[in-house]
Amino acid sequence: MGWAKTISVISFFLLLTATVAWSSVSEESEKYLDPEQFNVAVVAPGDSISVNLSSTSIVGQREYLVMRIVEGDSPMPDVRLILDSDDCEWIEPGFLHVDRQLESDSPQFRTVRVFVPEESGTYVLYNDAEEGDLWLVDDIKAQTMILENSPVTLLVMVTGCCIGGPFGIIGLILALIGWRRNSAPAAVNIQAPLMTTDDIYKALHKEQDMELTEELVPGPFTGMQEKTDLGKGVESGNQEEGVNWENWDNG
């Protein structure tokens, strides 16, 4: 349980540090996440604007988000991005393109289209809808600006999340293993005492003595009669031999 407590304390400290760092970063990066404050261009309904766009970034292919304010059942926007009379390729927003609302009372922005320029150049952005402004946002540039302004804080936040989370899981697993071991009932193991050489010797001779005692116990008066008869037989034989010897000697 000692390791589980140590790892859990380290995990808590790292996650707490990451939370504090995230709070600091969110305050500093708020202006870069707000499309109204940080954008490439804003296009009114029925209007167009020229913008210089790049096709590459430090992480590869560059993407530009077209965002609008969500207002009930407002119609879908009609937007085009043109380079020398050629339409720029675009894709539908994915699960990573979440709505943005920095404050509870601030506007909610939604990504409606993602443009992927094949080459850098001067593009013309058209808003063909009858209502609703459109904001063209470069997310890669916004993330770069956040990283440049608070690199240490971001590093602390990422380190705390990446290390504190796994440490917390490991500490929880170790705690569960220790708890199961401590709660398991102790097995009662009754073992017979080991016999020494003297105990074996005494037990063996005790059994032999008991067997001999049972064999040598005579029946009532049996031994006395046999002994008496045997004695008489011996004495009679001696008397007869003595008499016969004397008769033979006397002729």
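Restricting attention to region 25-51, the residues being farther than 24 Å from E118 by Cα and of a type in the set (F, W, Y) number 1. Within the bounds of region 52-62, is there any residue that is crowded, with 17+ Cβ neighbours inside 10 Å, modelled with pLDDT under 90 and closer than 20 Å to V116 by Cα? Yes, the conditions are met somewhere in region 52-62.
Regarding E92, is this residue in contact (Cβ under 8 Å) with a residue 12 or more places away in the chain, in the same structural domain as L176 (by TED's automatic domain parsing) and acidic (D, E)? Taking the combined requirement at face value, the residue does not satisfy it.
Against the numbered list (1) surrounded by fewer than 13 Cβ atoms within 10 Å (Cβ to Cβ); (2) touching a strand residue (DSSP E or B) at 6+ places or on another chain (Cβ under 9 Å); (3) not small (G, A, S), R80 comes up short only at (1).
Before we move on, is D84 farther than 30 Å from G2 by Cβ and at pLDDT 90 or above? No, not satisfied. Check region 24-34 and report whether any residue there is surrounded by fewer than 14 Cβ atoms within 10 Å (Cβ to Cβ) and either in the same structural domain as T122 (by TED's automatic domain parsing) or part of a loop (DSSP other than H, G, I, E, B) (or both). Within region 24-34, not a single residue is surrounded by fewer than 14 Cβ atoms within 10 Å (Cβ to Cβ) and either in the same structural domain as T122 (by TED's automatic domain parsing) or part of a loop (DSSP other than H, G, I, E, B) (or both). Within region 4-11, does at least one residue satisfy the condition of being under 20 Å from Q108 (Cβ atoms) and either free of Cβ contacts under 8 Å to residues at least 60 places away in the same chain or not in a loop (DSSP other than H, G, I, E, B) (or both)? The answer is no, given that none of the residues of region 4-11 is under 20 Å from Q108 (Cβ atoms) and either free of Cβ contacts under 8 Å to residues at least 60 places away in the same chain or not in a loop (DSSP other than H, G, I, E, B) (or both).
Against the list (1) over 19 Å from T111 (Cβ atoms); (2) touching a residue at least 60 places away in the same chain (Cβ under 8 Å), the condition A142 fails is (1).
Among the strands (runs of 3 or more DSSP E) contained in region 40-131, which hold 2 or more residues that are of a type in the set (F, W, Y) and within 29 Å of L147 (Cα to Cα)?
Passing ranges, in order: 109-115.
The residue that is farthest from the chain's Cα centre (by Cα), counting only those in region 22-43 that are of a type in the set (A, V, I, L, M) and at pLDDT 75 or above, is V43.
Test G165 against the stated conditions and say whether it is over 21 Å from S57 (Cβ atoms) and crowded, with 17+ Cβ neighbours inside 10 Å. The answer is no for G165.
The values are calculated or read from the model by the stated rules, or taken from the named source; none is laboratory data. Keep in mind that this is a model prediction, so the values were computed, not measured. No Cβ is skipped: glycine too gets one built from the backbone with ideal geometry, and neighbour counts run over all protein chains shown.
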